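What follows is a set of notes on a single structure, which appears directly below.
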Amino acid sequence: MNKKKIILALALIGGMATQSRAELVGDTLVIEDVKKVRIETRDTVQRLVINGSKDDEQFHYVQRISIPDTTAVRRTIKSVKDFNKITIKGKDGKPSKWESSLHINLGLNTLLSTPSDYDFKVWPSFDLGLTWLADFRPYGKQNVWSIGLGIDYRRYEYDKDKYLVKDNDVIVPSVFDNEQKERSSDLTVSSLQLPIMYTHYFDRKQEWGITLGALVNWNFQATVNHEYEVGDNHYDISTKKIGQRPITVDGMAILYIPSFPDIYCKYTPMTLFKDGRGPKAHQLSFGLYL
């Protein structure tokens, strides 16, 4: 049995197999429709226990697996909020002060402090981002310093009766003609992000907490777009190089509340456009942080 492998996919998915038996196929042990699986992990040994099947309630199988490399990265999942975290353990088996995590933010956004003829809508504007963080915990789990890398895409819905156009290198509003139907207009910004964050948890279970920090954005692409129909013809027009600032900095806050999704808010005190290239507009985003 030293060379035998155990296929548990059907059991882990939820016992979807229609057959209920264990059989030897070549050098592989196939166990289908398992009733219960228990995995126990120690510093250097992992123990796999399989009990019961549909046709044999007394079926029992135990496999011990040695883990010679104790410096390996191991996943420790305590709750749904811990699913995105990877804990690094050292040779002594104790968790490292460093931890890695992956996050998705999904929310609404708008542009604030714009002149009255620049009417951006909160809905259906949206903010979508993916961020990898390296978390450092030098003084326990309640205080976390983080730095990482992310990518973010923001779409700002504009007035249905107007659209944005570049006129002499300046982004200004224009009005749709009456014969132009099925109108839409928006502004989009894509950014690479460098997050620098601090998190404090108010309890040892890490249920109540707050994150404060900054996001340094490299706004590598921004466009103004509008589309419309005239008769049977559809027009979709995009304009690049709209004069966005290449570097902006967001202030960000994340609130952690027990039994409730994490909530974030981002605000950019810097204007989106360079001076003289567009309206003075400050970005605001808020939504779920997963």
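The values are calculated or read from the model by the stated rules, or taken from the named source; none is laboratory data. Just so it is clear, the structure is predicted and the values come from calculations on it, not from any experiment. Every residue, glycine as well, gets a Cβ built from its backbone with ideal geometry; the counts of neighbours run over all protein chains shown. Note: accessible area is taken over every heavy atom of the protein model, side chains too, but ligands, DNA and RNA are not part of it. Shrake-Rupley method; radii C 1.70, N 1.55, O 1.52, S 1.80 Å.
Of the trypsin sites (Lys or Arg not before Pro) found in the range 206-290, the ones in coil according to DSSP and having at most 14 other Cβ atoms within 10 Å of their Cβ are Lys240, Lys241, Lys274, Lys280. Counting only residues at least eight positions apart within a chain, or on another chain, the aspartates and glutamates with an alpha carbon under 18 Å from that of Lys274 are Asp167, Asp169, Asp250.
Remark: the range 114-123, residue by residue, has Karplus-estimated 3J(HN,Hα) of 7, x, 4, 7, 10, 9, 8, 9, 5, 10 Hz, where x stands for each Gly or Pro and the curve is 6.51 cos²θ - 1.76 cosθ + 1.60 at θ = phi - 60°.
Cross-link pairs exceeding 27 Å in C-alpha to C-alpha distance, out of Lys36/Lys205; Lys166/Lys280; Lys162/Lys241; Lys35/Lys205; Lys36/Lys97; Lys121/Lys240, comprise Lys36/Lys205; Lys35/Lys205; Lys36/Lys97. Relative to one another, the C-alpha centroids of the range 248-272 and the range 119-157 are positioned 7 Å apart. Each residue of the range 241-256 is assigned a 3J(HN,Hα), and the resulting list reads 6, 9, x, 6, 5, x, 10, 9, 10, 9, x, 10, 9, 10, 10, 10 Hz, derived from the Karplus form 6.51 cos²θ - 1.76 cosθ + 1.60 (θ = phi - 60°), x at Gly and Pro.
Atom-type composition of the exposed protein surface of the range 91-206 places 59 percent of the accessible area on carbon and sulfur (1.4 angstrom probe). Computed over the range 171-290, the P(r) curve from all C-alpha pair distances, binned at 5 Å from the origin, holds 2, 9, 15, 16, 13, 12, 10, 9, 6, 4, 2, 1, 0 percent per bin.
Convex hull volume of the Cα atoms of the range 93-212, normalised per residue: 143 Å³. Loop-located chymotrypsin sites (Phe, Trp or Tyr not before Pro) in the range 92-180 (DSSP state not H, G, I, E or B) with no more than 13 neighbouring Cβ atoms inside 10 Å: Tyr139.
A straight chain from Val49 to Arg204 at 0.36 nm per residue would run longer than the Cα-Cα distance by 52.6 nm.
Looking at the range 175-217, the GluC sites (Glu not before Pro) that sit in a DSSP loop and have at most 16 other Cβ atoms within 10 Å of their own Cβ are Glu179, Glu207.
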